[in-house]
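Each remark here refers to the structure printed beneath this line.
The values are calculated or read from the model by the stated rules, or taken from the named source; none is laboratory data. Being a predicted model, the structure only gives us computed values, none of them experimental. What goes into the accessible areas is simple: the full protein's heavy atoms, side chains included, and nothing from ligands, DNA or RNA. Shrake-Rupley method; radii C 1.70, N 1.55, O 1.52, S 1.80 Å.
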Amino acid sequence: MNNAQLLGELASLPLAHCAGRPQAGAYPERLKPILSLAAHEEAMTEIAQWPGYAPTPLVSLAGIARAAGLGAIHYKHEAGRFGLGSFKALGGAYAVLRLLKKEILSRTGQVASSRDLLDGKFRDVVADITVTCATDGNHGRSVAWGAQVFGCKCVIYIHSTVSEGRRAAIARYGAEVVRTAGNYDDAVRAADAAAREHGRFVVSDTSYPGYTDVPRDVMQGYSVMVEEALRQWPEAAPPTHVFIQGGVGGLAAAVCAQLWERLGDQRGRFVVVEPDKAACLFESAAAGTPVAVHGELDTLMAGLACGEVSLIAWDVLAAGAADFLTVPDAAAVACMRLLADAPFGDQPLAAGESAVAGLAGLLMAAVRPQMAAALGLGPDSRVLLIGSEGATDPELYAQLVGRSAEAVEGGMG
(Lines give C-alpha, C1' and ligand atoms only; values in the text may rest on other atoms or scores of the structure.)
Protein backbone atom coordinates (compact mmCIF):
# COMPACT_ATOMS: atom_id res chain seq x y z
CA MET A 1 0.00 0.00 0.00
CA ASN A 2 1.42 3.41 -0.95
CA ASN A 3 1.08 6.55 1.14
CA ALA A 4 -1.93 7.90 -0.75
CA GLN A 5 -3.70 4.56 -0.45
CA LEU A 6 -3.04 4.50 3.29
CA LEU A 7 -4.71 7.86 3.89
CA GLY A 8 -7.39 6.89 1.41
CA GLU A 9 -8.17 3.81 3.49
CA LEU A 10 -8.76 6.03 6.53
CA ALA A 11 -10.92 8.37 4.46
CA SER A 12 -13.15 5.46 3.47
CA LEU A 13 -13.88 4.30 7.01
CA PRO A 14 -16.96 5.55 8.93
CA LEU A 15 -16.46 8.54 11.23
CA ALA A 16 -19.19 9.99 13.45
CA HIS A 17 -19.06 13.51 14.96
CA CYS A 18 -20.96 15.15 17.80
CA ALA A 19 -20.33 18.76 18.79
CA GLY A 20 -19.68 19.50 22.45
CA ARG A 21 -20.48 22.63 24.43
CA PRO A 22 -17.10 23.94 25.57
CA GLN A 23 -16.86 26.87 27.97
CA ALA A 24 -14.50 29.73 27.20
CA GLY A 25 -12.27 31.52 29.68
CA ALA A 26 -10.33 30.31 32.69
CA TYR A 27 -10.64 26.86 34.23
CA PRO A 28 -13.81 26.99 36.35
CA GLU A 29 -13.48 27.12 40.13
CA ARG A 30 -16.26 24.55 40.43
CA LEU A 31 -14.03 21.94 38.75
CA LYS A 32 -11.00 22.45 40.99
CA PRO A 33 -12.27 20.03 43.68
CA ILE A 34 -12.07 17.36 40.95
CA LEU A 35 -8.72 18.24 39.32
CA SER A 36 -6.43 21.18 39.99
CA LEU A 37 -2.88 22.44 39.67
CA ALA A 38 -2.54 22.43 43.45
CA ALA A 39 -3.36 18.71 43.61
CA HIS A 40 -1.12 18.13 40.59
CA GLU A 41 1.88 19.56 42.44
CA GLU A 42 1.34 17.03 45.25
CA ALA A 43 1.10 14.19 42.72
CA MET A 44 4.24 15.37 40.94
CA THR A 45 6.19 15.53 44.23
CA GLU A 46 5.19 11.99 45.21
CA ILE A 47 5.57 10.30 41.83
CA ALA A 48 8.98 11.86 41.19
CA GLN A 49 10.23 9.91 44.24
CA TRP A 50 9.20 6.52 42.88
CA PRO A 51 11.91 4.13 41.68
CA GLY A 52 12.31 4.35 37.92
CA TYR A 53 10.52 7.67 37.42
CA ALA A 54 11.52 9.47 34.22
CA PRO A 55 9.53 11.56 31.73
CA THR A 56 8.36 9.63 28.68
CA PRO A 57 9.27 11.08 25.26
CA LEU A 58 7.20 13.49 23.19
CA VAL A 59 7.79 12.27 19.63
CA SER A 60 7.36 14.44 16.55
CA LEU A 61 5.27 12.90 13.77
CA ALA A 62 6.26 15.56 11.26
CA GLY A 63 5.98 13.19 8.30
CA ILE A 64 2.42 12.17 9.11
CA ALA A 65 1.55 15.82 9.74
CA ARG A 66 2.80 16.83 6.28
CA ALA A 67 0.95 13.97 4.61
CA ALA A 68 -2.28 14.97 6.35
CA GLY A 69 -1.86 18.68 5.61
CA LEU A 70 -1.23 19.67 9.21
CA GLY A 71 1.44 21.88 10.76
CA ALA A 72 2.70 19.54 13.50
CA ILE A 73 1.76 16.40 15.41
CA HIS A 74 3.45 15.48 18.69
CA TYR A 75 2.82 12.08 20.26
CA LYS A 76 3.43 11.44 23.98
CA HIS A 77 4.76 7.86 23.87
CA GLU A 78 3.83 6.12 27.14
CA ALA A 79 5.15 2.65 26.33
CA GLY A 80 8.09 2.99 28.73
CA ARG A 81 6.25 4.31 31.80
CA PHE A 82 7.70 2.52 34.87
CA GLY A 83 8.15 -0.61 32.76
CA LEU A 84 4.38 -1.19 32.80
CA GLY A 85 3.76 -0.21 29.20
CA SER A 86 1.15 2.51 29.66
CA PHE A 87 0.20 5.85 31.22
CA LYS A 88 -2.00 3.95 33.69
CA ALA A 89 1.11 3.36 35.80
CA LEU A 90 0.74 6.95 36.99
CA GLY A 91 -2.92 6.74 38.03
CA GLY A 92 -3.65 3.44 39.71
CA ALA A 93 -0.41 3.33 41.68
CA TYR A 94 -0.85 6.95 42.82
CA ALA A 95 -4.37 6.19 44.01
CA VAL A 96 -3.03 3.16 45.93
CA LEU A 97 -0.46 5.41 47.58
CA ARG A 98 -3.10 8.01 48.53
CA LEU A 99 -5.38 5.34 49.97
CA LEU A 100 -2.56 3.81 52.02
CA LYS A 101 -1.52 7.21 53.36
CA LYS A 102 -5.10 7.88 54.43
CA GLU A 103 -5.37 4.52 56.19
CA ILE A 104 -2.00 4.98 57.92
CA LEU A 105 -3.12 8.37 59.21
CA SER A 106 -6.41 6.90 60.43
CA ARG A 107 -4.79 3.93 62.17
CA THR A 108 -1.61 5.50 63.56
CA GLY A 109 -2.11 9.27 63.50
CA GLN A 110 1.06 9.63 61.43
CA VAL A 111 1.51 11.29 58.03
CA ALA A 112 3.34 8.99 55.60
CA SER A 113 5.19 9.79 52.38
CA SER A 114 6.14 7.69 49.38
CA ARG A 115 9.62 7.38 50.81
CA ASP A 116 8.25 6.09 54.15
CA LEU A 117 6.32 3.35 52.38
CA LEU A 118 9.19 2.47 50.06
CA ASP A 119 11.45 2.16 53.12
CA GLY A 120 8.93 -0.13 54.88
CA LYS A 121 8.27 2.24 57.78
CA PHE A 122 4.60 1.22 58.01
CA ARG A 123 4.99 -2.34 56.76
CA ASP A 124 2.78 -3.93 59.44
CA VAL A 125 -0.12 -1.53 58.81
CA VAL A 126 0.06 -1.73 55.05
CA ALA A 127 0.32 -5.53 54.95
CA ASP A 128 -3.16 -5.71 56.50
CA ILE A 129 -4.76 -3.78 53.60
CA THR A 130 -6.09 -5.29 50.35
CA VAL A 131 -6.81 -3.15 47.29
CA THR A 132 -8.97 -4.28 44.39
CA CYS A 133 -10.43 -3.11 41.08
CA ALA A 134 -11.84 -4.19 37.74
CA THR A 135 -9.75 -3.67 34.64
CA ASP A 136 -9.37 -4.19 30.89
CA GLY A 137 -5.66 -4.64 31.59
CA ASN A 138 -3.58 -1.52 32.07
CA HIS A 139 -5.28 0.00 35.13
CA GLY A 140 -5.21 -3.32 36.94
CA ARG A 141 -1.54 -3.71 36.14
CA SER A 142 -0.88 -0.29 37.68
CA VAL A 143 -2.87 -1.07 40.83
CA ALA A 144 -1.09 -4.42 41.19
CA TRP A 145 2.30 -2.79 40.69
CA GLY A 146 1.47 -0.05 43.21
CA ALA A 147 0.38 -2.66 45.74
CA GLN A 148 3.62 -4.56 45.24
CA VAL A 149 5.78 -1.43 45.49
CA PHE A 150 4.07 -0.09 48.61
CA GLY A 151 3.52 -3.44 50.34
CA CYS A 152 -0.24 -4.18 50.44
CA LYS A 153 -2.28 -7.09 49.05
CA CYS A 154 -4.19 -6.91 45.75
CA VAL A 155 -7.09 -8.68 43.99
CA ILE A 156 -7.89 -7.71 40.38
CA TYR A 157 -11.07 -8.56 38.43
CA ILE A 158 -11.02 -8.98 34.65
CA HIS A 159 -13.95 -9.67 32.33
CA SER A 160 -14.49 -12.45 29.83
CA THR A 161 -12.72 -10.95 26.80
CA VAL A 162 -9.53 -9.73 28.49
CA SER A 163 -6.65 -11.62 26.90
CA GLU A 164 -4.55 -14.20 28.70
CA GLY A 165 -1.50 -12.03 28.02
CA ARG A 166 -3.02 -9.14 29.94
CA ARG A 167 -4.10 -11.46 32.77
CA ALA A 168 -0.56 -12.81 33.10
CA ALA A 169 0.91 -9.30 33.06
CA ILE A 170 -1.21 -8.36 36.09
CA ALA A 171 -0.45 -11.58 37.97
CA ARG A 172 3.26 -10.93 37.45
CA TYR A 173 3.05 -8.21 40.12
CA GLY A 174 1.75 -10.60 42.78
CA ALA A 175 -1.97 -9.87 42.47
CA GLU A 176 -4.70 -12.47 42.64
CA VAL A 177 -6.58 -12.22 39.32
CA VAL A 178 -10.27 -13.21 39.12
CA ARG A 179 -11.98 -13.60 35.72
CA THR A 180 -15.73 -12.83 35.63
CA ALA A 181 -18.52 -13.29 33.08
CA GLY A 182 -19.83 -10.33 31.09
CA ASN A 183 -18.19 -7.06 30.10
CA TYR A 184 -16.03 -4.45 31.86
CA ASP A 185 -18.95 -2.86 33.69
CA ASP A 186 -20.01 -6.28 35.01
CA ALA A 187 -16.47 -6.76 36.35
CA VAL A 188 -16.69 -3.36 38.08
CA ARG A 189 -19.82 -4.50 39.90
CA ALA A 190 -18.26 -7.84 40.84
CA ALA A 191 -15.16 -6.17 42.30
CA ASP A 192 -17.31 -3.73 44.27
CA ALA A 193 -19.52 -6.50 45.72
CA ALA A 194 -16.54 -8.63 46.73
CA ALA A 195 -14.84 -5.62 48.31
CA ARG A 196 -17.86 -4.99 50.54
CA GLU A 197 -17.96 -8.68 51.51
CA HIS A 198 -14.25 -9.03 52.30
CA GLY A 199 -13.33 -5.55 53.55
CA ARG A 200 -11.16 -4.63 50.56
CA PHE A 201 -10.52 -1.13 49.25
CA VAL A 202 -11.68 -0.43 45.69
CA VAL A 203 -9.17 1.51 43.58
CA SER A 204 -11.26 2.17 40.47
CA ASP A 205 -10.52 4.54 37.61
CA THR A 206 -14.23 5.24 37.13
CA SER A 207 -16.51 7.16 39.48
CA TYR A 208 -20.15 6.55 40.31
CA PRO A 209 -22.59 7.94 42.90
CA GLY A 210 -20.96 7.83 46.32
CA TYR A 211 -17.51 6.90 44.94
CA THR A 212 -15.42 9.80 43.70
CA ASP A 213 -12.33 10.31 45.88
CA VAL A 214 -10.20 7.44 44.53
CA PRO A 215 -11.00 8.06 40.81
CA ARG A 216 -10.06 11.69 41.40
CA ASP A 217 -6.64 10.56 42.67
CA VAL A 218 -6.25 8.26 39.65
CA MET A 219 -6.90 11.15 37.27
CA GLN A 220 -4.63 13.49 39.20
CA GLY A 221 -1.81 11.00 38.77
CA TYR A 222 -2.28 11.24 35.01
CA SER A 223 -1.66 14.99 35.19
CA VAL A 224 2.06 14.29 35.65
CA MET A 225 2.17 13.04 32.05
CA VAL A 226 0.41 16.16 30.78
CA GLU A 227 2.80 18.46 32.61
CA GLU A 228 5.75 16.58 31.11
CA ALA A 229 4.27 17.08 27.64
CA LEU A 230 3.89 20.81 28.20
CA ARG A 231 7.50 21.10 29.33
CA GLN A 232 8.63 19.10 26.27
CA TRP A 233 6.44 20.95 23.77
CA PRO A 234 8.85 22.20 21.06
CA GLU A 235 6.60 24.61 19.18
CA ALA A 236 6.64 28.38 19.75
CA ALA A 237 2.88 28.38 20.40
CA PRO A 238 0.76 25.86 22.37
CA PRO A 239 -1.31 23.08 20.77
CA THR A 240 -4.22 24.18 18.64
CA HIS A 241 -5.83 20.74 19.01
CA VAL A 242 -5.77 17.77 21.36
CA PHE A 243 -7.21 14.47 20.12
CA ILE A 244 -7.64 12.12 23.05
CA GLN A 245 -9.10 8.63 23.51
CA GLY A 246 -12.23 8.18 25.61
CA GLY A 247 -12.93 5.07 27.72
CA VAL A 248 -14.69 6.09 30.94
CA GLY A 249 -13.26 9.58 30.46
CA GLY A 250 -10.57 9.67 33.15
CA LEU A 251 -7.60 10.19 30.85
CA ALA A 252 -9.45 12.73 28.72
CA ALA A 253 -10.60 14.69 31.77
CA ALA A 254 -7.12 14.74 33.29
CA VAL A 255 -5.57 16.04 30.08
CA CYS A 256 -8.34 18.58 29.55
CA ALA A 257 -8.19 19.96 33.10
CA GLN A 258 -4.41 20.26 33.22
CA LEU A 259 -4.20 22.04 29.88
CA TRP A 260 -7.17 24.28 30.68
CA GLU A 261 -5.87 25.44 34.04
CA ARG A 262 -2.32 25.91 32.68
CA LEU A 263 -3.20 27.58 29.37
CA GLY A 264 -6.68 29.07 29.80
CA ASP A 265 -8.13 30.19 26.46
CA GLN A 266 -4.93 29.00 24.73
CA ARG A 267 -5.57 25.35 25.62
CA GLY A 268 -6.59 24.35 22.09
CA ARG A 269 -9.61 22.53 20.69
CA PHE A 270 -10.27 19.38 22.71
CA VAL A 271 -11.54 16.36 20.76
CA VAL A 272 -12.53 13.05 22.41
CA VAL A 273 -12.28 9.88 20.26
CA GLU A 274 -13.91 6.52 21.06
CA PRO A 275 -14.49 3.12 19.42
CA ASP A 276 -17.84 3.05 17.65
CA LYS A 277 -18.67 -0.12 19.61
CA ALA A 278 -18.13 1.52 23.03
CA ALA A 279 -19.03 5.21 22.76
CA CYS A 280 -20.48 6.21 26.12
CA LEU A 281 -18.95 9.69 26.02
CA PHE A 282 -20.19 10.33 22.47
CA GLU A 283 -23.71 9.25 23.43
CA SER A 284 -23.54 11.34 26.60
CA ALA A 285 -22.54 14.39 24.58
CA ALA A 286 -25.43 13.78 22.20
CA ALA A 287 -27.87 13.46 25.10
CA GLY A 288 -26.38 16.30 27.15
CA THR A 289 -26.18 14.03 30.21
CA PRO A 290 -24.30 10.83 31.17
CA VAL A 291 -25.63 7.87 29.18
CA ALA A 292 -24.66 4.20 29.48
CA VAL A 293 -24.23 2.03 26.39
CA HIS A 294 -24.90 -1.68 26.78
CA GLY A 295 -23.95 -4.94 25.13
CA GLU A 296 -20.67 -6.77 24.80
CA LEU A 297 -18.66 -3.63 23.88
CA ASP A 298 -16.48 -5.95 21.81
CA THR A 299 -14.07 -3.41 20.38
CA LEU A 300 -10.50 -4.33 19.56
CA MET A 301 -9.48 -1.23 21.56
CA ALA A 302 -9.71 -3.14 24.84
CA GLY A 303 -8.69 -0.27 27.09
CA LEU A 304 -11.59 1.78 25.73
CA ALA A 305 -14.26 -0.94 25.97
CA CYS A 306 -16.31 0.96 28.55
CA GLY A 307 -20.05 1.47 28.56
CA GLU A 308 -20.53 3.76 31.55
CA VAL A 309 -19.13 7.26 31.98
CA SER A 310 -17.09 8.26 35.03
CA LEU A 311 -19.29 10.96 36.53
CA ILE A 312 -16.56 13.32 37.71
CA ALA A 313 -14.71 12.91 34.42
CA TRP A 314 -17.91 13.83 32.62
CA ASP A 315 -18.20 17.02 34.68
CA VAL A 316 -14.85 18.15 33.22
CA LEU A 317 -15.50 16.98 29.67
CA ALA A 318 -19.01 18.40 29.46
CA ALA A 319 -17.46 21.79 30.15
CA GLY A 320 -14.20 21.40 28.26
CA ALA A 321 -14.58 19.17 25.20
CA ALA A 322 -15.39 20.75 21.84
CA ASP A 323 -15.99 17.56 19.84
CA PHE A 324 -16.67 13.85 20.20
CA LEU A 325 -15.78 11.35 17.45
CA THR A 326 -16.22 7.61 17.01
CA VAL A 327 -13.94 5.43 14.89
CA PRO A 328 -14.06 1.74 13.88
CA ASP A 329 -11.56 -0.91 14.92
CA ALA A 330 -10.14 -0.98 11.39
CA ALA A 331 -8.92 2.59 11.87
CA ALA A 332 -6.99 1.59 14.99
CA VAL A 333 -5.28 -1.26 13.15
CA ALA A 334 -4.39 1.03 10.24
CA CYS A 335 -2.84 3.55 12.62
CA MET A 336 -0.91 0.90 14.54
CA ARG A 337 0.63 -0.16 11.22
CA LEU A 338 1.18 3.45 10.18
CA LEU A 339 3.22 4.17 13.31
CA ALA A 340 5.14 0.90 12.99
CA ASP A 341 5.91 1.24 9.27
CA ALA A 342 6.66 4.98 9.44
CA PRO A 343 6.16 5.47 5.67
CA PHE A 344 6.48 9.25 5.94
CA GLY A 345 9.93 9.20 7.56
CA ASP A 346 8.97 9.43 11.24
CA GLN A 347 10.47 7.41 14.08
CA PRO A 348 8.86 3.92 14.08
CA LEU A 349 6.68 3.44 17.15
CA ALA A 350 5.04 0.37 18.68
CA ALA A 351 1.62 1.56 19.83
CA GLY A 352 -1.13 -0.58 21.32
CA GLU A 353 -4.62 -0.61 19.91
CA SER A 354 -6.02 1.82 22.50
CA ALA A 355 -3.11 4.22 22.08
CA VAL A 356 -3.99 5.17 18.51
CA ALA A 357 -7.65 6.18 18.81
CA GLY A 358 -6.68 9.86 18.96
CA LEU A 359 -4.45 9.54 15.90
CA ALA A 360 -7.19 7.67 14.05
CA GLY A 361 -9.74 10.36 14.78
CA LEU A 362 -7.31 13.09 13.77
CA LEU A 363 -6.33 11.54 10.43
CA MET A 364 -9.85 10.47 9.53
CA ALA A 365 -11.03 14.04 10.12
CA ALA A 366 -8.04 15.69 8.42
CA VAL A 367 -8.50 13.82 5.13
CA ARG A 368 -12.20 14.78 4.93
CA PRO A 369 -12.31 18.43 3.78
CA GLN A 370 -15.71 19.15 5.30
CA MET A 371 -14.82 17.59 8.64
CA ALA A 372 -11.39 19.23 8.69
CA ALA A 373 -13.07 22.61 8.20
CA ALA A 374 -15.59 21.87 10.96
CA LEU A 375 -12.78 21.03 13.41
CA GLY A 376 -10.49 23.85 12.29
CA LEU A 377 -7.76 21.51 11.02
CA GLY A 378 -5.27 22.84 8.50
CA PRO A 379 -1.63 23.69 7.78
CA ASP A 380 -1.33 25.81 10.94
CA SER A 381 -2.66 23.12 13.25
CA ARG A 382 -0.38 21.91 16.06
CA VAL A 383 -1.77 18.68 17.50
CA LEU A 384 -1.02 16.92 20.78
CA LEU A 385 -1.73 13.18 21.00
CA ILE A 386 -1.37 10.91 24.01
CA GLY A 387 0.04 7.53 22.96
CA SER A 388 -1.41 5.92 26.04
CA GLU A 389 0.12 2.44 25.71
CA GLY A 390 2.75 0.43 23.96
CA ALA A 391 2.25 -3.20 22.91
CA THR A 392 0.68 -4.23 26.22
CA ASP A 393 -0.63 -7.41 24.59
CA PRO A 394 2.47 -8.52 22.62
CA GLU A 395 0.80 -11.49 20.95
CA LEU A 396 -2.12 -9.41 19.67
CA TYR A 397 0.22 -6.62 18.60
CA ALA A 398 2.33 -8.96 16.49
CA GLN A 399 -0.81 -10.47 14.97
CA LEU A 400 -2.19 -7.05 13.96
CA VAL A 401 1.03 -5.37 12.83
CA GLY A 402 2.87 -8.37 11.40
CA ARG A 403 5.93 -8.22 13.63
CA SER A 404 6.82 -7.70 17.28
CA ALA A 405 7.12 -4.40 19.11
CA GLU A 406 10.83 -5.11 19.58
CA ALA A 407 11.28 -5.51 15.85
CA VAL A 408 9.46 -2.22 15.22
CA GLU A 409 11.32 -0.07 17.73
CA GLY A 410 14.58 -1.94 17.41
CA GLY A 411 14.77 -1.00 13.74
CA MET A 412 14.87 -4.59 12.51
CA GLY A 413 11.90 -4.15 10.17
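Roughly how many Å is it from the Cα centre of the range 215-280 to that of the range 1-80, as a whole number?
Comparing the Cα centres of the range 215-280 and the range 1-80, I get a distance of 6 Å.
Could you pull out every residue, at least 5 positions away or on a different chain, whose amide H is within less than 5 Å of the one on residue 179? Hs are placed 1.01 Å off N in the peptide plane, and Pro or chain starts have none.
Close amide H contacts, sequence-distant or interchain: 158.
Just to be sure I understand: if I project the alpha-carbon convex hull of the chain onto a plane and average over all orientations, what area do I get in nm²?
Orientation-averaged projected area of the Cα hull: 18.2 nm².
5 Å is the cut-off here: which amide hydrogens, built 1.01 Å from N in the peptide plane, fall below it relative to residue 273, excluding neighbours closer than 5 in sequence?
Hits under the 5 Å cutoff: 244, 245, 246, 325.
Just the ratio, please: alpha-carbon radius of gyration of the range 1-159 over 2.2 N^0.38 Å, N its number of residues.
Its radius of gyration relative to the 2.2 N^0.38 Å reference: 1.38.
State, to one decimal in nm², a quarter of the convex hull surface area for the C-alpha atoms of the range 164-256, i.e. the direction-averaged projected area.
So the Cα hull casts an average projection of 8.4 nm².
If amide H atoms are built 1.01 Å from N in the plane of the peptide, which residues on other chains or at least 5 residues away come under 5 Å of the amide H of residue 134?
157
Just the number, please: carbon plus sulfur as a percent of the accessible area of the chain, 1.4 Å probe, no ligands or DNA/RNA counted.
Ligands and nucleic acids excluded, carbon and sulfur give 51 percent.
Tell me, what ³J(HN,Hα) does each residue in the range 38-53 have, in order and in whole Hz, if you take phi through Karplus 6.51 cos²θ - 1.76 cosθ + 1.60 with θ = phi - 60° and put x for Gly and Pro?
For the range 38-53, the Karplus-derived couplings read 4, 5, 4, 4, 5, 4, 4, 4, 5, 5, 5, 8, 6, x, x, 5 Hz, x marking Gly and Pro.
Rounded to the nearest 5, what is the percent of antiparallel bridges among the DSSP beta bridges in the chain?
20
Is there a pair in 76/101; 76/102; 121/153; 32/153 whose C-alpha atoms are over 26 Å apart, and which pairs would that be?
Over 26 Å apart, Cα to Cα: 76/101; 76/102; 32/153.
Take the alpha carbon atoms of the range 105-145, find their center, do the same for the range 165-209, and report the distance between the two centers in whole angstrom.
Cα centroid to Cα centroid, the span is 16 Å.
Taking all pairs of distinct Cα atoms, average 1/r, flip it, and tell me the Kirkwood hydrodynamic radius of the range 1-65 in Å to one decimal place.
Evaluated over the range 1-65, this radius sits at 17.4 Å.
Rounded to whole Hz and in sequence order, give me ³J(HN,Hα) for the range 334-339 from the Karplus expression 6.51 cos²θ - 1.76 cosθ + 1.60, θ = phi - 60°, writing x for Gly and Pro.
Values per residue, Gly and Pro as x: 4, 6, 4, 5, 4, 5 Hz.
When only alpha-carbon atoms are used, what values of Rg and Dmax, in angstrom, describe the range 138-292?
Reported Rg and Dmax, both Å: 17.4, 55.
Any chance you could check the Cα centroid distance between the range 295-360 and the range 362-407 for me, in angstrom?
Comparing the Cα centres of the range 295-360 and the range 362-407, I get a distance of 8 Å.
For the range 196-202, take each phi angle, set θ = phi - 60°, evaluate the Karplus expression 6.51 cos²θ - 1.76 cosθ + 1.60, and give the result in whole Hz per residue in order, putting x for glycine and proline.
Per residue, the Karplus-derived 3J(HN,Hα) values read 5, 5, 9, x, 8, 10, 7 Hz.
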